[in-house]
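Below: one structure, written as structure tokens.
The values are calculated or read from the model by the stated rules, or taken from the named source; none is laboratory data. The model shown is predicted, which means the values in this text are computed figures rather than measured ones. Note: ideal-geometry Cβ built from the backbone for every residue, glycine included; neighbour counts use all protein chains shown.
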Amino acid sequence: MMDFLTLIQVLDSTVRLATPLLLACLAGLFSERAGIFDIGLEGKMLMAAFFSAAVAATTGNVWLGLLAGIASSLVLAGLHGLASITFRGNQLISGVAINFLAAGMTVLIAQDWFQQGGRTPSLISGGRFEPITLPFANAVEGVPVLGPIYSELLSGHSILVYLAFLAVPATAWILFGTRFGLRLRAVGENPAAVDTAGVSVVGLRYAAVMICGLLCGIAGAYLATALQAGFVKDMTAGRGFIALAALIFAKWRPWHALGACLLFGLLQAVALRFQNIELGSIVIPVQFMDALPYILTVVILAGFVGKAIPPKAGGEPYVKER
Amino acid sequence: MTAPAIELKGISKAFGPVQANKDISIRVSPGTIHGIIGENGAGKSTLMSILYGFYKADKGEIWIHGKRTEIPDSQAAIAAGIGMVFQHFKLVENFTVLENIILGAEDGGLLKPSLSKARKTLQELAREYELNVDPDARIDEIGVGMQQRVEILKALYRQADILILDEPTGVLTPSEADQLFRILDRLRAEGKTIILITHKLREIMEYTDTVSVMRRGQMTATVKTAETNPEHLAELMVGRKVLLRVDKVPAAPGKPILEIENLNVVDEAGVARVKNLNLTVRAGEIVGIAGVAGNGQSELLEVLGGMREGQGTIRLNGNPLPLSGKGSDARARRASHVAHVPEDRQREGLIMDFHAWENVAFGYHHASEYQSGLLMNNAALRADTEAKMEKFDVRPPDPWLAAKNFSGGNQQKIVVAREIERNPDLLLIGQPTRGVDIGAIEFIHKQIVELRDQGKAVLLVSVELEEILSLSDRVAVMFDGMIMGERPADQTDEKELGLLMAGVAGEAA
């Protein structure tokens, strides 16, 4: 049986694993709400993961690493913007290209710089985001139930985890409480309405794509400098796509995105924690547990989402009609 | 004399080889309703898009209230006091009315203060111009008439004093159109200048002070409305004399061709679209179905044309036609001499990327004269297309041109030629002249009347009341899937039909 402490530990690991999903999901939310589909979340995260780890390993400063990660992700975001906004190309193809580009370039550059088989050196203290211990976390550890919840579950995460969770209300506020959010949502639904109202469609869409790049950059840096200690090949492991699945599951709404990402994070945490599960004579192999999040993604998306209506102008380059 | 509200001097604009506007000059006096009339493709919309900053003119000057003004984008147009109500509304459907109104004209970074200020302003505007809308309703929950008001309010909220309306009545019922013109009158009384773009002569004659006529990218005349008449305007538009009435002798109805008994149609969403409908169309008569779009006329046509299943009884020349399963498809219908000109020619009547000659074959591609062993006899088909194009005056008469490269009127002529030339017993024809210019309307109407005079039955569905009244011998009005009443066309008028269309029962009307 699973005891209380195990439960807390699984939930704790859920929070850690949900963080990159959440950041990427919100990144996709900004982009897609503005009408730019982005299947390149994965590539941007991967690129950011590599550059943050590489710079952090070289300089020993994790903050410089974070900046480098964000910068590299922004470059790819700009590329996606150029292809899909300025040149009105196919957004899916541009996204696929970015994923390929990131998968290949990260390993290539890593090998060239570090000669460790396409990985960066392991990050030591200073090159990683360390856990933050919330006030009184140690003092209340002994309190039954609430103690472990506070000291294990809520305390002891890196700053990026807290940042990711704060990004949820921030996103909701920006989208639904500000002028920028109103215009952003409008440009994803009917860019002609924005254009005739005298607002630049191109400007708004670039802004959205850049915010997407920023958040993907943070997500990637988190993977390499907080969740793990360094970059390894393909370390995003499909998280960009799970984030997209979560985005659809959440129907492009910030608070729902939080719920969806926590659910997918929980699935990953369970898979990590319980490897071979023995049910009487049958042993459920670890591979099945590892595949579980992906299987459930398919099941959930196929059966439980209901009708998810994407932003109406999503995927369509804006051309003024005659 | 005050300066004109708008003065355009020598505006020219070309799209590639097409000269959309050629050296256009126009003066619009403040506080008037100025009509701009012309056929599709005459360049009206291009000219207004230049005025609203959507396109940049290649040549020419824009003067607003006596001041030379550059309008490089919509923002500049708004700043110059110009508001535009497009034919296809530019609204965000899942936003509220209020959100749509402030979009782009917010007062600061935060929404709340902008929204509450707009709410107040909206109440004032509603009082001033009788423009009542629920500010918290979502756009996709209100009707097109209301949506149009939102567009007008959007312009007024931006303090426009020049309002351009592009084909504003295309989507409105007669009573909604009347309301719109009452609002426009009110706006004119308050000193606003209004430009009304339309192809409807009646609206020009009834509501405008001055009218400019455009033809093939040029401004052919600007006259005082009081000093002209519809025939003269039509001639200026088309470049030749046009018959505005449909010229026909009284019908001589014969035996019933189409008999519909207790027809019911339920759509994909489970909504009843046609309810217990009974209707007979006789040989040698045109029966027109009037009604606001969406009251079951489309579904009725689709069932009859074999594009949709239904329940009930339909007889053609006394023989029952299957309404579901085998023998109820479009091919079977055509085999039993039912021809169908669908309502939406670009989606259901033609394949826009295919050549004209291929489009002429569709639906009849099994015909023996188009076959040559296992292959299609394309040469015969092209020769046939050329013959049809000549007979129907399709321009340009080129079988190799893709359907999308013909004008709306010529596209429709291709469809009508394909269907009528098969000599059907029954012609189903939906919105025969939607988006079709006056010259082509005259021609298509003549073809329909000729078919009738040969003793064929015609079932016409149109949202244009004028067309229903002038073309039909008998009018049936559909509302909510039912026939609200039938009238001989020469014993009714727009007012009576308008009431029936709104669902007011026959006796009360």
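Quick rundown of the values:
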| quantity | calculated |
| --- | --- |
| Failed condition for residue A:88, given (1) surrounded by 24 or more Cβ atoms within 10 Å (Cβ to Cβ); (2) not in a helix (DSSP H, G or I) | (1) |
| Flag for residue B:459 being in contact with a helix residue (DSSP H, G or I) (Cβ under 9 Å, 6 or more places away or on another chain), more than 22 Å from residue B:245 (Cα to Cα) and in contact (Cβ under 8 Å) with a residue 24 or more places away in the chain | no |
| Among residues of the stretch B:70-88, those that are more than 8 Å from every other protein chain (Cβ to nearest Cβ) and crowded, with 17+ Cβ neighbours inside 10 Å, counted | 6 |
| Test: residue B:468 is in contact with a Leu (Cβ under 9 Å, 6 or more places away or on another chain), β-branched (Val, Ile, Thr), in the same structural domain as residue B:305 (by TED's automatic domain parsing) and in a helix (DSSP H, G or I) | yes |
| Residue count for the stretch B:317-351, restricted to those that are part of a strand (DSSP E or B) and either acidic (Asp, Glu) or surrounded by fewer than 22 Cβ atoms within 10 Å (Cβ to Cβ) (or both) | 2 |
| Count of residues meeting criterion [farther than 12 Å from residue A:208 by Cβ and of a type in the set (A, V, I, L, M, F, W, C)] in the stretch A:172-193 | 6 |
| Pair list, Cβ under 6 Å, 6 or more apart: the stretch A:265-283 residue exposed (fewer than 15 other Cβ atoms within 10 Å of the Cβ), other residue in a strand (DSSP E or B) and of a type outside the set (Asp, Glu) | A:276/A:283; A:277/A:284 |
| Residue, surrounded by the most Cβ atoms within 10 Å (Cβ to Cβ), within the stretch A:244-255, restricted to residues that are at pLDDT below 95 and part of a helix (DSSP H, G or I) | A:246 |
| Helices (runs of 4 or more DSSP H) contained in the stretch A:168-238 and holding at least 1 residues away from every other protein chain (no Cβ under 14 Å) | A:201-222 |
| Residue among A:58, A:19 that alone is β-branched (Val, Ile, Thr) and crowded, with 24+ Cβ neighbours inside 10 Å | A:19 |
| Residue that is in a helix (DSSP H, G or I) and over 21 Å from residue B:223 (Cα atoms), where the choices are B:50, B:71 | B:50 |
| Single match in B:126, B:137, B:155 (criterion: within 12 Å of chain A (Cβ to nearest Cβ) and not aromatic (Phe, Trp, Tyr)) | B:155 |
| Filter pass, residue B:218 being at pLDDT 90 or above and more than 21 Å from residue B:122 (Cβ to Cβ) | yes |
| Residues located in the stretch A:144-154, provided they are in contact with a Phe, Trp or Tyr (Cβ under 8 Å, 6 or more places away or on another chain) and surrounded by fewer than 15 Cβ atoms within 10 Å (Cβ to Cβ) | A:145 |
| From the options B:115, B:103, B:91, B:111, residue that is touching a strand residue (DSSP E or B) at 6+ places or on another chain (Cβ under 7 Å) and at the interface with chain A (Cβ under 10 Å from one of its Cβ atoms) | B:111 |
| Residue B:220 crowded, with 22+ Cβ neighbours inside 10 Å, touching a helix residue (DSSP H, G or I) at 6+ places or on another chain (Cβ under 8 Å) and under 25 Å from residue B:30 (Cβ atoms) | no |
| Pair list, Cβ < 6 Å and 6+ apart or interchain, from the stretch B:195-222 residues that are under 18 Å from residue B:4 (Cα atoms) and without any contact (Cβ under 8 Å) to a residue 24 or more places away in the chain to residues that are hydrophobic (A, V, I, L, M, F, W, C) and assigned to a strand (DSSP E or B) | B:221/B:213 |
